[in-house]
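Written below as structure tokens is the structure these notes are about.
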Amino acid sequence: MCGIIGYSGHRPAVPLVLEGLRRLEYRGYDSSGLAYAQAGGLRVIRAPGKLGALEDRVASEPNLLATTGMGHTRWATHGLPVERNAHPHMDEGRTLALVHNGIIENFQEIRSELAAGGCRFQSDTDTEALACLIARERRSAPSLLEAFARALRRARGAYAVVMMAAEEPDTMYAARLSAPLLLGVGAGECFVASDIPAFLPYTREVVFLEDGEVARIHGSGWELLRLDDLAPLVRMPQHIAWDMQAAAKDGYKHFMLKEIMEQPRVVADCLSGRVAGGRVLLPELDNLPVPARLRVVACGTSYNAGLWARHLLEGQGGVPADVEIASEFRYRRPLLEPEECVLVISQSGETADTLAALRLARSRGCRVIGLCNVVGSSIAREADAVLYTQAGPEISVASTKAMCSQMALLVLLAIYYGQRRGLAGTESSALLDALHAVPVMLRENLPSLRETAARLARRFAGARSFFYLGRGPAYALAQEGALKLKELSYIHAEGYAAGEMKHGPIALVDPDFPSFVLALDDPFLPKVLSNIEQVQARQGKVIALMQRRPPGAPADAPVGALPSPEVDEPWYLPAAHPLTAAFLALPALQLFSYEMADYLGKDVDQPRNLAKSVTVE
Ligand code: M6R
């Protein structure tokens with residue numbers, strides 16, 4: 001939700017903190033702020049709005065020589081996105097400053113208790129209550145560390161916090177509970193951040209904090225301690241292989257466009273080393289039994305990837321599969337049997353609802369497989385086994401390449417289960433061939449998909465609402481197309497199973513309510529074509545993603561044999577296996593939303609009201 005960066009070392013801290021915030025802005029961008037030690041006290045600068053506003057304020061500051069500092073970019077949970085609610089927050093005596101990602105659920109109780117003792121608050125936030133609690137504990141605690149720990153032991157909910165105090169100006173204290181926080185360890189310098197890209201230009205040596213741990217950070221080193229009793233812990237840094245180029249725009253106008261264009265590489269990387277001699281290799285799962293039932297649990301785009309894969313997991317893998325939204329699953333007291341397996345899908349590996357679903361499943365004795373992109377994320381660490389999508393850092397708030405990589409890995413998972421269950425080989429080798437064709441097909445077709453997307457976006461930019469329709473696996477793609485259009489362009493869009501239209505939604509169709517239909521060359525095509533006829537009969541405009549028949553295709557080939565309706569805007573994809581076609585349809589949907597948002601002048605990489613990693617409920 002929010003982004004945190006802290007630095008202590010030999011370099012000027014303020015520019016480095018601003019640079020780190022720039023790379024974390026995708027996590028939240030309602031307001032930002034930073035703190036550093038100055039003249040025996042702490043200086044805090046904050047600004048509402050995007051990071052540029054904070055940079056403008058910092059530009060007029062004299063003597064920015066501090067070599068320890070911390071910053072925060074906010075996605076509002078408690079209180080309006082105005083300056084007084086921006087982080088860092090200080091205690092009343094301005095002795096310490098705190099930045100926080102998460103929600104302190106019992107903050108009202110803490111706040112009332114402090115208010116009864118005479119404390120006056122400047123903001124509406126839970127974070128300020130925690131800062132004031134630490135300051136109060138400091139009056140009786142033998143050390144700043146002990147005061148920090150005592151306050152955190154009272155906090156319920158989720159937090160990643162970093163604190164600076166005037167009494168120890170070169171030190172930061174950090175802790176986490178159900179929210180990401182990690183250390184970057186350099187030579188004579190140390191970083192603390194919500195995510196790796198924040199400090200990637202300086203170090204790739206990373207220490208992942210666990211729940212219930214506290215870190216003391218200063219230029220000459222770092223220590224880990226247990227929150228409970230402050231007993232020291234030993235942990236070696238891990239080397240992260242990402243490079244800076246992977247986390248930069250690389251000449252593209254937006255991260256989203258760059259990440260869409262990376263999809264050929266993403267699929268190739270996902271396949272690399274995972275198929276040999278016609279067999280899928282997922283050694284991460286070899287020690288786990290093939291589950292009697294798979295519960296796929298995720299949010300947003302990751303949920304859509306799971307929904308798409310369900311047909312394959314059942315049809316190819318032979319494993320009954322249910323797909324659920326994590327925020328529903330975790331509260332509906334699901335009946336789980338120990339021989340079932342829960343597959344949680346999450347790009348970030350930090351989504352609060354998905355993480356809670358994982359914990360629920362584990363508490364019921366089920367095995368959990370994590371399918372994640374971010375190495376070392378909470379879900380990756382808490383799952384019994386983890387499949388990494390290896391898509392590289394996804395910076396754009398709208399998820400694109402992550403879904404592509406999830407789909408590729410889920411195809412492999414379905415084939416892997418099918419092979420372990422001894423199911424027929426011919427279909428799995430056709431699927432593997434189709435998957436291997438994806439990188440080249442994507443590379444060849446992305447430029448023309450973008451051109452068509454740009455033209456169609458201009459034609460339909462005046463629409464207030466859209467239907468996205470599909471059947472079978474393409475229904476999940478329709479959901480994803482609608483999600484992308486909503487989150488980027490703020491145009492109302494609904495993803496529907498095309499067969500459901502006649503049960504009510506078709507009443508909405510008129511010449512100003514267009515439908516985007518996935519009419520791919522799969523067994524559902526005849527039905528989808530008649531759904532298109534039904535929409536057009538009500539004067540609804542239709543964009544239809546369809547496939548061209550290869551020259552000389554046999555007469556019984558599906559499309560050639562069918563009378564296709566005259567579609568307003570046929571958008572032809574090349575002839576290909578239905579699986580390959582799905583991987584081409586996905587970027588077509590993404591690019592349409594991208595071009596629409598860019599044409600309408602929306603903030604493509606940072607849409608309003610959103611954050612990349614949703615670590616609150
Ligand atoms: O990191 P996760 O995959 O768990 O995130 C899940 C959703 O928050 C995410 O996919 C969200 O829906 C994106 N904004 C979609 O573009």
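The values are calculated or read from the model by the stated rules, or taken from the named source; none is laboratory data. The model shown is predicted, which means the values in this text are computed figures rather than measured ones. Virtual Cβ from ideal backbone geometry, glycine too; neighbours counted across all protein chains shown. Quick note on the areas: whole protein, heavy atoms, side chains included, nothing else; ligands and nucleic acids left out. Shrake-Rupley method; radii C 1.70, N 1.55, O 1.52, S 1.80 Å.
When the P(r) is computed for segment 360-456, the part past 21 Å accounts for 52% of the Cα-Cα pairs. Sorted largest first, the spans of the alpha carbon positions of segment 192-293 along the three principal axes are 52, 46, 24 Å.
The stretch between GLN539 and TYR490, if pulled fully straight at 0.36 nm per residue, gains 15.2 nm over its current Cα-Cα span.
Nearest 0.05, what FRET efficiency do ALA53 and ARG464 give at R0 = 35 Å with Cβ-Cβ as r?
After rounding, the FRET efficiency stands at 0.65.
Between the alpha-carbon centres of segment 204-280 and segment 301-367 there is a gap of 24 Å. Cross-link check: pairs LYS253/LYS484; LYS527/LYS612; LYS401/LYS541 evaluated at a Cα-Cα cut-off of 27 Å; pairs beyond the cut-off: LYS527/LYS612; LYS401/LYS541. Projected onto planes of every orientation and averaged, the convex hull of the alpha-carbon atoms in segment 480-525 covers 3.9 nm². The shape of segment 170-230 comes out oblate: with a ≥ b ≥ c from the C-alpha gyration tensor, a/c is at least 1.5 while a/b does not beat b/c.
Volume of the convex hull of segment 399-471 (Cα atoms only), normalised per residue: 131 Å³. The spacing between segment 425-467 and segment 506-525, judged by their C-alpha centroids, is 17 Å. Going by alpha carbons, how many degrees (0 to 90, nearest 10) lie between the helix axis of 578-599 and the longest principal axis of the chain? Here the helix axis deviates by roughly 60 degrees. Derived value for segment 68-150: Kirkwood hydrodynamic radius 13.1 Å. Basis is the mean of 1/r over every pair of different alpha-carbon atoms.
The calculated FRET efficiency for SER448 paired with HIS239, based on their beta-carbon distance and R0 = 35 Å, is about 0.30.
Quick check: at a probe of 1.4 Å, how many percent of the accessible area of segment 315-440 sits on carbon and sulfur atoms? Reported share for carbon and sulfur atoms: 51 percent. Provide, for q = 0.09, 0.21 Å⁻¹, the log10 of I(q)/I(0) from a solvent-free Debye sum over equal Cα point scatterers in segment 371-514. Log10 I(q)/I(0), no solvent term: -0.41, -1.36. A Förster radius of 35 Å, combined with the Cβ-Cβ distance separating LYS249 from PHE121, puts the computed FRET efficiency at roughly 0.30. For THR171, the solvent-accessible surface with a 1.4 Å probe is about 20 Å², rounded to the nearest 10. Evaluated on segment 109-168, the Kirkwood hydrodynamic radius is 12.0 Å, with distances taken between all distinct Cα atoms. Seen against the Cα atoms of the chain and their longest principal axis, helix 525-537 is set at about 80 degrees. Eigen-decomposition of the gyration tensor built on the alpha-carbon atoms of the chain gives equivalent ellipsoid semi-axes of 46, 27, 22 angstrom, largest listed first. Accessible surface computed residue by residue for segment 383-437, with neighbouring protein chains in place and a 1.4 Å probe, gives 27 Å² per residue. Once backbone amide H atoms are built at 1.01 Å from N, ARG367 has VAL342 as its partners under 5 Å, excluding neighbours fewer than 5 places away on the same chain. All alpha carbon pair distances within segment 1-91 were sorted into 10 Å bins beginning at 0; the resulting P(r) in whole percents reads 19, 54, 24, 2. Ranked from largest to smallest solvent-accessible area, with a 1.4 Å probe on the protein heavy atoms, ASP522, ASP510 come out as ASP510, ASP522. In plain terms, the chain from ALA430 to ARG156 could stretch by 93.5 nm, reckoned as 0.36 nm per residue minus the Cα-Cα distance.
For segment 414-449, which trypsin sites (Lys or Arg not before Pro) are both in a DSSP coil and crowded by at most 14 other Cβ atoms within 10 Å? Passing both the DSSP loop test and the Cβ count: ARG421.
Under 19 Å from a label point set 7 Å out along the Cα-to-Cβ vector of VAL440, the amide N atoms of segment 397-431 belong to 429-431. The alpha carbon radius of gyration of segment 65-109, expressed as a multiple of 2.2 N^0.38 Å, is 1.29.
Please state the equivalent ellipsoid semi-axes for segment 59-203: what are the square roots of 5 times the Cα gyration tensor eigenvalues, largest first, in whole Å?
On the way: eigenvalues 119, 58, 53 Å².
They are 24, 17, 16 Å, listed from largest to smallest.
Across q = 0.20 Å⁻¹, segment 384-440 modelled as identical point scatterers on its alpha-carbon atoms has Debye log10 I(q)/I(0) values of -0.83, in the order of the q list.
Residues of segment 99-122 with an amide N closer than 13 Å to a point placed 7 Å from the Cα of GLU92 along the Cα-to-Cβ direction: 111-122.
Going by accessible surface with a 1.4 Å probe and the largest first, GLU595, GLU328 read GLU328, GLU595. Here the spin labels are modelled as points 7 Å beyond Cα on the Cα-Cβ line, and at GLU19 and SER272 they lie 2.8 nm apart.
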